[in-house]
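Student: After the structure tokens below, expect a handful of questions from me.
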Amino acid sequence: MKTQQENMSCALNLAIKLIRRESPTPEDAGCQTYIAKLLAPLGFVHTAVDVNGITNSIYTRMGEREGVLAFAGHTDVVPTGPIESWLYPPFEAVVEDGILHGRGAQDMKGGIACWLAAVMQLCAEFEPLPTLQILITSDEEGDSIDGTIRIVEYLQAQNKLPDAVIVGEPSSAKLVGDTIRRGRRGVVQVRLTFQGKQGHSAYPGDADNAIHGAAPVLTKIASLDWGEAADGFPATSCQITNFNAGTGASNVIPGTASGFLDIRYNPQNSFAQIQDMIHDACHGVDVSVDFDHVATAFSTPDGKLLDTVCDAIHGITDIHTNRDTGGGTSDGRFFAAAGVAVAELGLTNSTIHQVNEQVATHELDTLTAIYIEILKTFEV
Ligand SMILES: [Zn+2]
């Protein structure tokens, strides 16, 4: 049996290797072929599902136990921002005083490294494992159009969807394991274009003021009652994020006005219901409404998967985990939409997307130990 120190070195070593492959979205920079080489001797088969320049990989290993457990993650990273503001070059993966510095350290090459380290250790110990899928895309931080969704579609077509998926996004707040995400709110964006008739403000009878048409509608929308939030979710929020009208002249009645809504909805509301409510608020006004269902809300109910994850965390760290649904959306939604149970568990997220992204190396050790426990105890 390896010591904890050796576990840490393995995950840290892998994280360093991945960070040094410079992969701003949608680049993969060889990360996924590197992972394929690591996993091949352990019996993993690599299937590339590349689409439109996006690198997607499915690594599968047939199990000795029942059930199919997937891990999902991404090898792309967000841009560095001003390089000169970084204490250490963002792709050199410098380790100093127990801190690993580099773009992707938390989000989420560090998390991928921990899962790989966990799997490598258990295979070396001949631990009987469920069938494993490791699902990696290079299109999470970008449009997410040809990333995880394509992997899910591929698995669906092959009838090989997993029973559950651990998404390795940095879910933790202060300590590894203090927070997992079991769902996310959905996102609907709406563009409203109000039509009136432009004219001279001294002759309002010959014009139709688009702002006057828009104002009552926007007031109605801002005060819509979205009902009770689904259990464990923040309430649905509808924010008017843009409003544009007027020509700049003081004496011109504007003929058009446009508004933009950003709606974050909990699973108690649906896209169809949101469409109906916005249409109702617009009733009787000359306005065109364009909806964009950016992300579907999802929620994994309490049960085996969440219990397995939380028990593993508690066993390693003594922490009672918060089963959270906050934050923006995530690739977990693509699995949830296909009926797969989703839990997001990863490193802390204090420096994600920031200059000087970094992670404490002991976090890698802890997360690896938790992942090992999940792999050992997972049941369908
Ligand atoms: Zn991420």
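The values are calculated or read from the model by the stated rules, or taken from the named source; none is laboratory data. The shown structure was predicted, so the numbers you read here are calculated from the model rather than taken from an experiment. Glycine gets a Cβ as well: all are built from the backbone with ideal geometry, and neighbour counts include every protein chain shown.
Student: For the range 194-225, which residues satisfy the criterion of being touching a residue at least 24 places away in the same chain (Cβ under 8 Å) and assigned to a loop (DSSP other than H, G, I, E, B)?
Tutor: Within the range 194-225, 196, 198, 201, 202, 207, 209, 224 meet the criteria.
Student: Is at least one residue of the range 136-158 buried (at least 24 other Cβ atoms within 10 Å of the Cβ) and among the charged types (D, E, K, R)?
Tutor: Yes, that holds for at least one residue.
Student: Here is a list: 302, 311, 307. Which entry is modelled with pLDDT under 95, outside the structural domain of residue 204 (by TED's automatic domain parsing), surrounded by fewer than 16 Cβ atoms within 10 Å (Cβ to Cβ) and acidic (Asp, Glu)?
Tutor: Answer to the selection: 302.
Student: Taking into account only those residues within the range 316-337 that are modelled with pLDDT of 95 or more and surrounded by fewer than 16 Cβ atoms within 10 Å (Cβ to Cβ), which is farthest from residue 295 (Cα to Cα)?
Tutor: The extreme case among them is 318.
Student: Mind listing whichever residues of the range 168-222 are surrounded by fewer than 17 Cβ atoms within 10 Å (Cβ to Cβ), more than 16 Å from the ligand (Cβ to nearest atom) and aliphatic (A, V, I, L, M)?
Tutor: 175, 202, 211, 215, 222 - these are the residues of the range 168-222 that are surrounded by fewer than 17 Cβ atoms within 10 Å (Cβ to Cβ), more than 16 Å from the ligand (Cβ to nearest atom) and aliphatic (A, V, I, L, M).
Student: Can you tell me which of 144, 138 is within 16 Å of the ligand (Cβ to nearest atom) and in contact with a Gly (Cβ under 8 Å, 6 or more places away or on another chain)?
Tutor: Details: 144 fails: in contact with a Gly (Cβ under 8 Å, 6 or more places away or on another chain).
Only one candidate qualifies: 138.
Student: Quick test of your reading of the structure: residue 228 fulfils all but one of (1) part of a loop (DSSP other than H, G, I, E, B); (2) touching a residue at least 40 places away in the same chain (Cβ under 8 Å); (3) more than 26 Å from the chain's Cα centre (by Cα). Name the failing condition by number.
Tutor: The single condition residue 228 does not satisfy is (3).
Student: Okay, moving on. Limited to the range 22-54, what total is found for residues that are within 16 Å of the ligand (Cβ to nearest atom), touching a helix residue (DSSP H, G or I) at 6+ places or on another chain (Cβ under 9 Å), closer than 18 Å to residue 113 by Cα and not small (Gly, Ala, Ser)?
Tutor: 1
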